[in-house]
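Structure, as structure tokens:
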Amino acid sequence: MIKRPFFALTKPRLGYDIPEPDPKEPKSMPLPSNLILLLHDPIDDARETLIKTGDKVEKGGKLYLYKDSKEYTVSPVAGTIKIIDTYSDDFGNTSTYLVINTDPGRTAGTDTVKYELKDTIASADEYLRTLPGAPPLKTLADPDKKIKTIVITCADSDLLSTTQQYIALTLMDKIKEGIQVLRRITPVSKFCITIPENLNIKADIDTVEVFRTSGAYPSNLPQMVLKDHLNIVLPAGKKPEDLGICFITAEAVVSLARAYKTKTAGHEKILTVIGKQGTPYRVTATIGTPLRRIFNAFSIQANEKDRIVIGGPMKGFATYTVHHPVQPDMDTVIIQDKGTVPELSDNPCVNCGKCIRVCPVNVPVNILVRYLEAGHYQDAADRYDLLSCIECGLCAYVCTARIPIYQYIRLGKHELLKLNADV
């Protein structure tokens with residue numbers, strides 16, 4: 001629970017929210033007439049695409065842009081491709097979006113594409129990447145990663161969200177089934193599961209190590225789980241999978257269990273929606289549903305200059321359209337009234353030291369941000385631990401000068417990656 005706005009002058013007291021004692025079923029969103037699917041593959045105007053406007057698609061059908069494409073998406077409905085166009089993410093990277101016009105008659109039936117799923121990770125990766133929860137199948141199937149440990153997260157990594165906790169409370173039997181699926185399809189020998197210490201769940205799972213995580217933010221971030229429960233400090237610039245450890249959400253594990261049972265892909269995503277007054281709602285929506293449909297269902301009016309945040313308040317990013325679709329990895333959506341959106345500034349650092357005191361990995365944030373503001377990304381990494389940052393957002397939360405430190409850090413890492421790629 002957040003005890004104050006995103007930015008303030010006092011010491012933060014941040015604790016994760018927990019679900020209500022007897023959680024209700026999520027509100028189910030009706031299937032919209034148009035779904036928007038994001039495909040992480042840019043359009044090349046010099047090449048002819050496999051899919052075209054006007055093409056019919058089947059429920060569960062895989063959609064590629066080109067014959068040699070390595071990325072795909074899966075249609076949650078039977079219908080017709082209405083639009084194929086380009087979109088840019090928050091760093092300006094271009095990909096593709098598809099608008100599919102739903103055919104209610106064909107979608108309402110039981111017919112859906114059946115997959116020839118085998119008990120191998122390659123087979124799962126071939127069909128199931130877009131399941132709710134976004135299982136990291138590409139990582140698990142990558143022979144260079146050599147994953148030896150899988151950590152299933154029943155704890156939500158950001159504030160305000162209770163999505164993964166709700167799934168753990170209500171679908172633990174499915175999580176156990178999903179763990180058995182992972183045992184069959186991967187050579188991984190060690191399985192762990194994180195459960196918040198204040199969540200009343202008995203996880204009696206054979207040969208699975210249980211980690212009871214703290215209710216204090218940022219204890220549920222992967223880097224903190226590694227440090228606190230596996231006694232591993234993640235080296236600067238490395239990801240958990242570089243050390244042979246893969247994190248997967250509870251929802252993704254449940255989705256895998258269902259997919260292997262039915263030989264089909266699931267498309268219904270559970271997410272936490274936070275309204276303008278801070279009221280939480282839990283919903284189930286088909287992947288590709290525009291957010292405006294969810295806001296309308298709860299009579300939430302999105303006005304000009306309101307802020308829509310995908311993700312939690314600490315690590316989320318803003319989207320500038322109510323048409324942004326529900327995605328497989330989307331656990332939380334927050335909408336803030338324009339009158340309560342905290343203002344950022346270009347004020348210089350006042351050297352109050354709050355960011356240094358609050359940093360869980362002891363990065364010299366006050367000096368680091370100066371280098372990032374000046375665009376000296378390599379120096380920021382070499383001299384002031386840019387790549388050691390775990391992106392918890394606490395520095396921006398406590399900043400007296402209201403500098404968007406978290407955004408500077410994300411941009412700095414992105415630009416540094418581009419610089420090194422050009423070398």
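The values are calculated or read from the model by the stated rules, or taken from the named source; none is laboratory data. Not measured: the values here are computed from a predicted model. Glycine also receives a Cβ, built like all others from the backbone with ideal geometry; neighbour counts cover every protein chain displayed.
Put simply, of K227, K202, K148 the only residue that is more than 18 Å from S255 (Cα to Cα), touching a residue at least 60 places away in the same chain (Cβ under 8 Å) and more than 21 Å from the chain's Cα centre (by Cα) is K148. For region 172-198, what are the residues that are within 30 Å of Q277 (Cα to Cα), touching a residue at least 60 places away in the same chain (Cβ under 8 Å) and surrounded by fewer than 20 Cβ atoms within 10 Å (Cβ to Cβ)? Once the filter is applied, which keeps residues that are within 30 Å of Q277 (Cα to Cα), touching a residue at least 60 places away in the same chain (Cβ under 8 Å) and surrounded by fewer than 20 Cβ atoms within 10 Å (Cβ to Cβ), region 172-198 yields only N198.
The one condition from (1) out of contact with any Pro (no Cβ under 8 Å at 6 or more places or on another chain); (2) more than 30 Å from L387 (Cβ to Cβ); (3) among the hydroxyl-bearing types (S, T, Y) that S255 does not meet is (1).
Restricting the search to region 244-262, which residues are under 19 Å from K148 (Cβ atoms) and surrounded by fewer than 19 Cβ atoms within 10 Å (Cβ to Cβ)? Correct list: G244 only. Return yes when V326 is touching a strand residue (DSSP E or B) at 6+ places or on another chain (Cβ under 7 Å) and either touching a residue at least 40 places away in the same chain (Cβ under 8 Å) or β-branched (V, I, T) (or both) and no when it is not. Against the criterion (touching a strand residue (DSSP E or B) at 6+ places or on another chain (Cβ under 7 Å) and either touching a residue at least 40 places away in the same chain (Cβ under 8 Å) or β-branched (V, I, T) (or both)), V326 qualifies. Only one of the listed residues (L35, L31) is in contact with a Gly (Cβ under 6 Å, 6 or more places away or on another chain), under 30 Å from L169 (Cβ atoms) and in contact (Cβ under 8 Å) with a residue 12 or more places away in the chain. That residue is L35.
State whether one or more residues within region 41-48 are more than 13 Å from T130 (Cα to Cα), of a type in the set (A, V, I, L, M) and part of a strand (DSSP E or B). Scanning region 41-48, I find no residue that is more than 13 Å from T130 (Cα to Cα), of a type in the set (A, V, I, L, M) and part of a strand (DSSP E or B), so the answer is no. Screening T112, T80, T86 for residues that are under 30 Å from R184 (Cβ atoms) and either over 26 Å from the mean Cα position of the chain (by Cα) or of a type in the set (S, T, N, Q) (or both) leaves exactly one candidate, T112. Does I100 qualify as being surrounded by 13 or more Cβ atoms within 10 Å (Cβ to Cβ), more than 22 Å from the chain's Cα centre (by Cα), modelled with pLDDT of 95 or more and in a strand (DSSP E or B)? Yes; evaluated as a whole, the condition is true for this residue. Scanning region 119-137 for residues that are loosely packed, with under 13 Cβ neighbours inside 10 Å and touching a residue at least 40 places away in the same chain (Cβ under 8 Å) returns a single hit, D119.
Being modelled with pLDDT of 95 or more and at positive phi is the requirement here; does A134 meet it? Taking the combined requirement at face value, the residue satisfies it. Scanning region 221-228 for residues that are surrounded by fewer than 17 Cβ atoms within 10 Å (Cβ to Cβ), of a type outside the set (G, A, S), farther than 30 Å from V74 by Cα and not assigned by TED's automatic domain parsing to the domain that holds D331 turns up at least one hit.
Looking at R282, R307, just one residue is surrounded by fewer than 21 Cβ atoms within 10 Å (Cβ to Cβ) and either within 17 Å of K27 (Cα to Cα) or in contact with a His (Cβ under 6 Å, 6 or more places away or on another chain) (or both), and that residue is R282. Only one of the listed residues (G288, G278) is without any contact (Cβ under 8 Å) to a residue 24 or more places away in the chain, of a type outside the set (F, W, Y), not in a strand (DSSP E or B) and not assigned by TED's automatic domain parsing to the domain that holds S161. That residue is G278. Out of K67, K24, K52, one residue alone is touching a residue at least 60 places away in the same chain (Cβ under 8 Å), surrounded by fewer than 16 Cβ atoms within 10 Å (Cβ to Cβ) and part of a loop (DSSP other than H, G, I, E, B). It is K24. All of (1) closer than 21 Å to I310 by Cβ; (2) in contact with a helix residue (DSSP H, G or I) (Cβ under 6 Å, 6 or more places away or on another chain) hold for H40 with one exception: (2).
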